[in-house]
1. Figure the gain on full extension for Leu370 and Ser411 (residue separation times 0.36 nm, minus the Cα-Cα span) and round it to one decimal in nm.
2. Scan region 446-514 for trypsin sites (Lys or Arg not before Pro) in coil per DSSP, keeping those whose Cβ has at most 10 other Cβ atoms within 10 Å, and list them by number.
3. Counting heavy atoms of the protein chains only and a 1.4 Å probe, report the per residue accessible area for the chain as a whole number of Å².
4. Along each principal axis of its Cα atoms, how long is the chain end to end? Whole angstroms, biggest number first, please.
5. With a point put 7 Å past each Cα toward its Cβ, work out how far Leu570 is from Asn188 in nm, to one decimal.
6. For Cys471, Cys261, give the ranking by accessible area with the largest first, probe 1.4 Å.
7. Sequence gap at least 6, Cα distance under 8 Å: using those rules, report the relative contact order of region 278-437 to the nearest whole percent.
8. Ignoring ligands, DNA and RNA, what percent of the accessible area of region 310-564 is carbon or sulfur (1.4 Å)?
Amino acid sequence: MTDTEFVQGAPDTAAHLAAGSQPDTAAQPGTGAQSEIAAHPDSTAQPDANDRKAIPAEIAGPGERHEWAFADGDRTRQTWRRIRVAAARLALGVAGGFVLDLAFPAVGWWPGAVIGTAMLLGSVYGMRFWPGYVIGAAGTLAFYLVHIEWATLYLGAIPWLALSASQALIFGLFLAGFGSCARRLARNPQRWVTWLAVPLLAAAWWVAGETVTAAWPYGGFSWGRLAFAHSQGPFSAAASWIGASGLSMLLAALAGVLLQCAVAAARAVATRNFVGALANSGRGLLRFGLGWSVVVAVAALIAPFPQKVVGSVTVAAVQGDGPAGYFTPRAAGDLLASQAAATERFVDGNKVDLIVWPEDGSDLDPTRDLGARKVISELTARNEAPLVFGTITKRGDEYFNSSLVWPAGGSAATAIYDKKHPVPFGEYVPHRSFYSRIVPGLIGLIGRDYVPGTASNVLPVGSGRFGSAICFDIAYDDVARSIVADGGQAILAQSNNGDFGTTDESVQQLAIARLRAIETGRTVVNVSTVGTSAIIDADGTTLAELSTFQPGAMIQQIQLREGTTLGIRLGPVLAWSSVLVSGAGALVLIGLRLRERRRGRE
């Protein structure tokens, strides 16, 4: 029998639960050897054929983990019941994926992060690994299909489906691991152990999945992390203390708490004795609730980790609203002209210390193009301020997505940062020859491969030091950590969102930038070719913002800060600790399974 079946309870189970006592498991009916979650696998007594009282395996109490085939051999009824339960789990997982997406911009309903995660965890709760993997992968796929629907505007449906499927296939393993661990926990007669362990296991397995998918394959994709859905939630300040991974852990743990409450409620419904069920676990439930209430209160009330303010500068971040899409028709120099025109219109005449243009602020490389060099030199001289801007540079036969510092009236860049994480299948094609045989038309659209940068992403500009995060760079933890480690006092998040139209992509990216501001304790100047452009202070508040698809400039005084938040230090420790914990859990599950198989052969 499978874990999607209902476990047949003994006739007097509900009475025992109502009384708060443990049933006499030696006398319990049921062939526990048929189920991995049986409390007493050696029990061999059979039930009365007419006894069909049932409670789900995942919510049964201690001593209730007994199942058997009906004495009347009604296989058809059992088969349909398995199908119904499996369909209900699948529906719960898919719905959980949709609810989780609501937590992210543009909707930004932060409770969806906890509720959706609890639904995804609940869909695999108590399942064997491979059935749980199918359900978990399906729920994850549902989430990504709606969460990154904007990817269809760039290269069409195939990359969108491929990326969503790859994330689902990997993350589904970690959901299945959680479900299998929860199944093992159900054997423990001490219910408080389950109450304590399930939220912690949820946090570990979930963040382990986030950590792995953020690093692999092809450099990873971390767009759907729980923390990124919570940049404006009540616990966002905690990111400066525990990092993005720690914030994801907190949200996943709260989802585990919610799941445990749902399981307890389901147990009460199944036994039809709410008072008895509450009395049976009331004291443990009270302690559990009080403990997590303290955690929630601290996370909600804590102030951001303090950082030292060492100065201030006035920046002008310019959104040119030029023809910035990869496939948008344009002539050479159109992007440069749009940015220059917006700078002249909105910045000239203002006293600023620094002008910032977005990624692809110039479609002509001034290190190789004399016309572009002339425009930029005159612009910076006129405003008596340096310019930091994005362009594509070429050195030898290699191309780089770069951010350049151009001094006021200068004739050459004084510093260059090359993007550390070019986007696979967007800015380069891994294993190009292989994928060209599969989808030659799509691969042919990506005409050149950008090379990852190796230099520091902190740019000295005047008396300040500014960290650079080019477009999707902002989603990578190592980019944020290197900015702080190399002495960055503020962050310039330069982006080109022209390929994604009016979809949620740009506001999702802004949410990531907002969380990075909190996590690093740095002001973030998030400037895009077409929007969404905003300046975010270190506490996550918006200092300035521009409308999308309109030219404009944000002229704002920002503070420069030094120091390292605890979140920057602790975040990677928590992330990789979760991987170790889940890995150890996987080994234990495999070992137990192998031991049971050996015993079965004996």
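The values are calculated or read from the model by the stated rules, or taken from the named source; none is laboratory data. This structure is a prediction, so every number in the text was calculated from the model and none was measured. Reconstructed Cβ throughout: ideal geometry from the backbone, glycine too, with neighbour counts over all protein chains shown. Accessible surface areas use protein heavy atoms only, side chains included; no ligands, DNA or RNA. Shrake-Rupley method; radii C 1.70, N 1.55, O 1.52, S 1.80 Å.
1. 13.8 nm
2. Here no loop site has a sparse enough neighbourhood.
3. With all protein chains present, the chain gives 40 Å² per residue.
4. Here the spans come out as 92, 54, 38 Å, largest first.
5. 2.4
6. From most accessible down to least: Cys261, Cys471.
7. 15
8. The value for region 310-564 is 51 percent carbon and sulfur by accessible area.
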